[in-house]
1. Going residue by residue through region 98-114, is there one that turns out to be among the hydroxyl-bearing types (Ser, Thr, Tyr) and open to solvent by 60 Å² or more (accessible area, probe 1.4 Å)?
2. So, in region 434-468, exactly how many residues are over 27 Å from Ser125 (Cα atoms), in contact (Cβ under 8 Å) with a residue 40 or more places away in the chain and not hydrophobic (A, V, I, L, M, F, W, C)?
3. Could you tell me how many of the residues in region 392-433 are part of a strand (DSSP E or B) and in contact (Cβ under 8 Å) with a residue 60 or more places away in the chain?
4. Looking at (1) closer than 17 Å to Arg128 by Cβ; (2) among the aromatic types (Phe, Trp, Tyr); (3) without any contact (Cβ under 8 Å) to a residue 40 or more places away in the chain, find the lone condition where Trp185 falls short.
5. Which is surrounded by 16 or more Cβ atoms within 10 Å (Cβ to Cβ), part of a loop (DSSP other than H, G, I, E, B) and of a type in the set (A, V, I, L, M), of Leu272, Leu285?
6. So, of the residues in region 434-456 that are out of contact with any Gly (no Cβ under 9 Å at 6 or more places or on another chain), not in a strand (DSSP E or B) and not hydrophobic (A, V, I, L, M, F, W, C), which turns out to be surrounded by the most Cβ atoms within 10 Å (Cβ to Cβ)?
7. Every residue in region 159-182 that is over 16 Å from Ser133 (Cα atoms), open to solvent by less than 10 Å² (accessible area, probe 1.4 Å) and in a helix (DSSP H, G or I), please.
8. Can you pull out every residue in region 294-307 that is surrounded by fewer than 22 Cβ atoms within 10 Å (Cβ to Cβ) and closer than 26 Å to Thr353 by Cα?
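The values are calculated or read from the model by the stated rules, or taken from the named source; none is laboratory data. What you are looking at is a predicted structure, and each value in this text was computed from that prediction instead of being measured. We place every Cβ from the backbone using ideal geometry, glycine too, and count neighbours over all the protein chains shown. Each accessible area value is taken on the protein alone, full model and side chains, heavy atoms only, with ligands, DNA and RNA left out. Shrake-Rupley method; radii C 1.70, N 1.55, O 1.52, S 1.80 Å.
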Amino acid sequence: MARQTSRRNFLGLSALGLAATVVPGELVRPAVAASELTNETSNVHPDISIWVTSGDERFAATWRPASGTAGNDHLRLNPSVKFQQILGFGGAFTDAACYSFNRLLPAEREQLFHELFHPSEMGLSVGRICVGSSDYSTKLYSYDDGEADPDLTRFSIAHDREFILPVLRQARQANPDMFLFSSPWSPPGWMKFNGTMLGGSMRNHYFAVYAKYYLKFLQGYAAEGVPVQALTTQNEVDTDQDGRMPACIWGQEYEIQFVRDHLGPLLASSGLPTRIWLLDHNYNLWGRVVCSLEDDKLRQYAHTVAWHGYAGTPDMMSKVHDVYPEVEMHWTEGGPDYTDPRYLTDWCKWGGTFSDVLNHWCRSITAWNLALDEHGKPNIGPFPCGGVVTINSQTREITRSGQYWAFAHYSRLIRRGARRFDSQSASADLHHVALENPDGQQVLVVTNTGPARTIELRLANMVASVPLKANSVTTLAWR
């Protein structure tokens, strides 16, 4: 795009301004707002709000008039070209996470939940529930353990009444618009060839029983005041984790048969509005998704795909969108490693990931465990995952991860119903995503994984020089 010969300052802002003091969990705004956006025909001076995470700053409100030149780093915005709507951001209410939340005193938990979920704070509004035990659980369990029980006479969600359901109800109190979806790690062992929840695969003659098992879970949760809006058929369909944790392989033809002939029709006849999401696994399985969606009857019951980011690249999701543009996408799992020395400071890793998955059609982003202790516990599996927050098992001190601070740059400003719009840049080490909220506010999140630099931000015939700190995530919002 050629530079305009007669241009005006756009935004007039700087991410290198003075940082305000930030109280964790408190939504802060600049004491002074930039007001340099002008054009040929009016003297409009909108307020520009800016937040930056870099070095010792954590979602710090900043402002200073723009200075310096951008060199060859350009970022162009085109709000007239809009894409998918956003559902929200959140994390998994695993058995382990709910147990960790339960360790807090009631007043401490209420304060943390206000910080995490209330719309005036972090505003996390999407939650994932495990159907029975995952690897992040206090123990191995299903809702019907023991010998074969095809009539499901033993079925009970009693385990979840101790702290999972109370935690979910409290989160809903903080954010009544919480959208919940559920994922099973394994059916009860008696439905599988190996007779255990650890690894193995499903026996297809139990498909009808397993559909009823899932329906009873949904009905049981609804009766407890915790309705579930969507479900995935299986967490990570393409691995049994070598039998080291609750897991179950689902071949493509099994998943199609289960959804098309059993789960889909049963949910439809039950009257529950719960949606079905396919796959719940890695980007590199995009070819499987395309093939599955070729089944017309399957698409009557499932037209949404859940993705994980452990293998492949985000652009692989766009391959599915290219073939089936009407299919919705959600990013349903990813979390930090508590043993990583950058656990507290890897906000650029997550800021870049979040912008990439949004730019490749995802409507929501859900982290893995919302909370764990300082050793990544409780955990009955082999992986060293950390929580979005850490709750110390002895002191109850709460530590916020780099992923938490990356979320702040998205969930605090981007509202449900926001629409992503076009943003373009050829600059290296720069991740970006632009969105417009339902009320017209526009939000830009820029992750700079390289050294400090100044970028030129272009909107129509308006231009601004925007300094970015090294290894930073910066959010700009304006009307």
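1. The answer is yes; a qualifying residue exists.
2. 8
3. 12
4. (3)
5. Leu272
6. Gln441
7. Selection gives Val167, Leu168, Ala171.
8. Applying the first criterion (surrounded by fewer than 22 Cβ atoms within 10 Å (Cβ to Cβ)) to region 294-307 yields 294-301, 303-304.
Within region 294-307, His303, Thr304 meet the criteria.
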